[in-house]
Amino acid sequence: MKRWWNDKLEKLTVELKQLRQTARSNHAVADHPAHQILKAAEDSFAEAMTKAKRDHWTEYLENAIKKNIWTANKYVSEPVSDRGKPRIPMLRVKAPNGNTREIYANEDKAKALVNSFFPKKPAELTVPANPIYPQPLDKPDQLSEERIHHHIAKLSAHKAPGPDGIPNIILQQNADIIVPTLHWIYAAILELGEYPTIWSESITAVIRKPGKPSYDVPKAY
């Protein structure tokens, strides 16, 4: 799961495990050489891990494309933290009567963020008396397996998966196997006009917008 992990760290991990077992079996002997060897190996492992992370970050920046530059900028401009999971603090939201209320429960925070990200459409929609619409688009080309292959290849390989838990890299590595089945499924959807409800579900990862003066309002995420 760690992209900076490499074969050298894997090998050092195995060696550390063996050294820890040796040191544990000699724990009653305070001056046994195994303890000093273990300490030196742990220091070497920490240095190797730091170097692996630094090398991976350098390679990422050197090969970064335009859309990744903004991501890299957010990484380096965020304030230093304790490296724990970020917590969403108390949020202030406006009640229907106009008053501001504070919410603390995670379920209430989730609802407030959903309302901020996906506002409800107006209750009344008005249409002009004599609307002028542009020319309709041509009917799309017939769906083909080549087209599905093309779009699967364009997916971001390591993007977080949706509710089904299937990463895009799995789709890309198995495209030759699954595309014929997907072709029949998509063709049926287009012909019948029925879209699976479960495909309308998604997981939204809530992250802070960088540089905001306060993070106690939903719009700061």
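Computed from the coordinates by the stated procedures, all read-outs in this text should not be read as laboratory data. From a predicted model like this one, the values you see are computed outputs, not experimental measurements. Neighbour counts run over all protein chains shown; Cβ positions are idealised from the backbone, glycine included.
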Task: Length released on extending from Lys120 to Ala188, taking residue separation times 0.36 nm less the Cα-Cα span - done: 21.4 nm
Task: Charge dipole of the chain about the Cα centre (unit charges at C-beta), most positive-ward option of Thr100, Ile203, Trp184 - done: Thr100
TODO: Rank the residues Val179, Val206 as a footprinting-exposure proxy: fewest other Cβ atoms within 10 Å of their Cβ go first.
DONE: Val206, Val179
Open item on the list: Just the number: Rg to Rh for the range 7-77, Cα atoms, Kirkwood Rh, two decimals.
Closed with: 1.26
Task: Kirkwood Rh in Å, taken over the chain so that all alpha-carbon pairs contribute - done: 24.2
- [ ] Counting other beta carbons within 10 Å of each Cβ, put Trp4, Trp70 in order, fewest first.
- [x] Trp70, Trp4
Open item on the list: Run the helix sum for the chain: -39,500 (n - 2.57) per DSSP H stretch of 4+ residues, divided by residue count, reported at 222 nm to the nearest 500 deg cm²/dmol.
Closed with: -16000 deg cm²/dmol
- [ ] Please work out the FRET efficiency for the pair Thr204 and Lys139, using the Cβ-Cβ distance as r and a Förster radius of 35 Å; give the result to the nearest 0.05.
- [x] 0.55
Task: Förster-model FRET efficiency, 45 Å R0, Trp57 and Ala105, C-beta, rounded to 0.05 - done: 0.75
Open item on the list: Nearest 10 degrees is fine. How inclined is helix 175-192 to the longest principal axis of the chain, computing both from alpha carbons?
Closed with: 20
Task: Likely footprinting exposure, Tyr60, Tyr133, fewest C-beta neighbours within 10 Å first - done: Tyr133, Tyr60
TODO: Name all residues of the range 26-57 having a backbone nitrogen under 12 Å from the label point set 7 Å from the Cα of Arg3 along its Cα→Cβ direction, giving them as ranges.
DONE: 56-57
Task: Between helix 106-117 and the chain: long-axis angle, C-alpha atoms, 0 to 90°, nearest 10 - done: 50
TODO: Percent of Cα-Cα pairs per 5 Å bin, from 0 to the last occupied bin, for the range 145-200, please list those.
DONE: 4, 18, 24, 26, 22, 6, 1
Open item on the list: With +1 assigned to the C-beta of every Lys and Arg and -1 to the C-beta of every Asp and Glu, and no other charges, what is the dipole magnitude of the chain about the Cα centre in debye, to the nearest 20?
Closed with: 1040
Open item on the list: Springs between alpha-carbon pairs under 10 angstrom, Gaussian network model over the chain: which of Thr13, Thr204, Thr100 fluctuates most?
Closed with: Thr13
